[in-house]
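Here's the structure, in structure tokens; my notes come after.
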Amino acid sequence: MNWKKHVLEGLTLVVAGVLCAVIANAVAARERKLTLVGTYPNALKAPVQAPTQAPAPEPRPALGGAPVSSPAPAPVTQKRAGQDTGAPPKPAAPRPTVTPKTPPAADPLARFTPHPDKPSVEIGYAEVKALHDGGALVLDARRTSIYEQGHIAGARPFSVWESDVDEKVTRLFDERGDPREQAKPIVIYCSGGDCEDSHMLAQKLWGIQFNNVYVYKDGFPDWQARGGAVRSGTNP
């Protein structure tokens, strides 16, 4: 039973120590008392510090010894657009005028294309008028004496029955030897109806590479009856 004796002695020593500590704390001075365990709600709260204000700048000493305070910076004012600045307004620069481009006029003769497979194509007054107004070459296949009595204004005499017809055809080829010139339309006319002079002349021109020839099937009488421009004499 020795162990029970030792346990009892240990408990006795612990109780005696606690009693001594309580008694010593009761008779001790205030600053030496032990803080007992308890609840402290404000223990974790930090005291609020008042904001610190930067010290005012000290006045700089002047040359004579008197303190001189630093001048406050002048306020910067910004003027809005259109606000009077005292100076006369600058005149606005004139806007450049833009002239619209006019598209190039269409070629009135563009629809009359070459036809190398046949000597000529018969056309009426409307087509002849368009070709005439567009500057196409017009040839009169009638005799010169009839041509001088009256012909389409601007037409050249090319009588197919006169001896100089081949010379005139050759001269025309020299004038239009370039293939681009030969591709331009040519109008031939005679007296219309049963007259074949214009077709005969067209055959001659086709034989020397003029592949864009047109025959006015109703001839000069139709042109004159419709009020087309007419001229008399030896000049076109």
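The values are calculated or read from the model by the stated rules, or taken from the named source; none is laboratory data. All of these numbers come straight from a predicted model, not from anything done at the bench. Every residue, glycine among them, receives a Cβ derived from its backbone with ideal geometry; neighbour counts consider all protein chains shown.
Tabulated results
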item	result
Answer residue from region 122-160, given it is outside any loop (DSSP other than H, G, I, E, B) and of a type in the set (D, E, K, R) and is surrounded by the fewest Cβ atoms within 10 Å (Cβ to Cβ) among those	Asp133
Ala87 vs. criteria of a type in the set (A, V, I, L, M, F, W, C), more than 30 Å from Gly207 (Cα to Cα) and either in contact with a strand residue (DSSP E or B) (Cβ under 6 Å, 6 or more places away or on another chain) or modelled with pLDDT of 65 or more (or both)	no
Options Gly233, Gly228; residue that is surrounded by fewer than 14 Cβ atoms within 10 Å (Cβ to Cβ), at pLDDT 95 or above and farther than 14 Å from Val169 by Cβ	Gly233
Any hit, region 202-220, residues being at pLDDT 95 or above, assigned to a loop (DSSP other than H, G, I, E, B), at positive phi and surrounded by fewer than 23 Cβ atoms within 10 Å (Cβ to Cβ)	no
